[in-house]
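Here, each number is a calculation from the coordinates, and none is a lab measurement. Just so it is clear, the structure is predicted and the values come from calculations on it, not from any experiment. Every residue, glycine among them, receives a Cβ derived from its backbone with ideal geometry; neighbour counts consider all protein chains shown.
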Amino acid sequence: MNKINSYTAIFSEILLKTNLTKNLIDKIFLELNNEEKKSMEKDCIYLVVDAESIVSIKHLICSIYFAIKAFKQKNNIANTLNSEILLYLSGHRQISKAINKVGLSSSTKAIIFIKLIKGDTIQHPNLRFNFGNFLKQNCIEYDNLKVDINDLATYNEKAIMKNYGLNEKMIKLLVSDSDEEYSYKKIIEKLVIEKSALLNLEK
């Protein structure tokens, strides 16, 4: 679990067996929205994103932090916290572009499920919501489900660089000579998070 401001965030990663169709993607969003409405608490969010569009857990945490902060300061871009998080994850101010960059698609191979709940009590009923069971109930097959992860199994460097407008030349200028493999991913993470942080300054 991750404490982000007044929220508790839990991240799960699911590897899919088959490609998602548009109908299945629409169904996932509809059913998750229905689950949120059943919540006993107003501030309960279930969000799904393409795992290959996320650099790291830190990318997730920072984007959620920026989104919550934007709402607290009343300079949010979107009308809902769900959408605001997607904007910060993608680094785009338009929700359609954000969904295109980080949302689910027919090419999605792995899903990150974000469970965001106001407060930090482990007794909260919505902490018991099981995304694996949710997928099974909706006839979506998967190979593996890792709950409450601290690291990502899926990492697609090329897809991330394309999504966030990064290039080899830009990154190599910043990579440390001492530990190139480690630094390369960390530089990408740094640039992506910086892009998210600057989102509200763009006009």
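Overview of values
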{"read-out": "³J(HN,Hα) computed for each position of the range 49-61 - Karplus, 6.51 cos²θ - 1.76 cosθ + 1.60, integer Hz, glycine/proline x", "value": "9, 6, 4, 6, 9, 10, 6, 6, 4, 4, 4, 5, 4"}
{"read-out": "Computed FRET value (nearest 0.05) for residue 69 with residue 150, which takes r as the C-beta separation and R₀ as 30 Å", "value": "0.85"}
{"read-out": "Rounded to whole Hz, the Karplus (6.51, -1.76, 1.60) HN-Hα couplings of the range 74-88, x for glycine and proline", "value": "6, 10, 5, 8, 8, 8, 10, 5, 3, 5, 4, 4, 4, 4, 5"}
{"read-out": "Principal axes of the range 2-201: Cα extent on each, largest first, Å", "value": "51, 41, 31"}
{"read-out": "Estimated FRET transfer efficiency when R0 is 22 angstrom, pair residue 94-residue 19 (beta carbons, to 0.05)", "value": "0.30"}
{"read-out": "The range 21-29 - phi-based ³J(HN,Hα) in whole Hz, Karplus 6.51/-1.76/1.60, Gly and Pro as x", "value": "8, 4, 4, 5, 4, 4, 5, 4, 5"}
{"read-out": "Inter-label distance for residue 107 and residue 133, nm, one decimal - labels placed 7 Å from Cα along Cα-to-Cβ", "value": "3.5 nm"}
{"read-out": "Average projection area in nm² (convex hull over Cα atoms of the range 14-64, one quarter of hull surface)", "value": "4.6 nm²"}
{"read-out": "Highest average packing first - 161-169, 4-12, Cβ atoms within 10 Å", "value": "4-12, 161-169"}
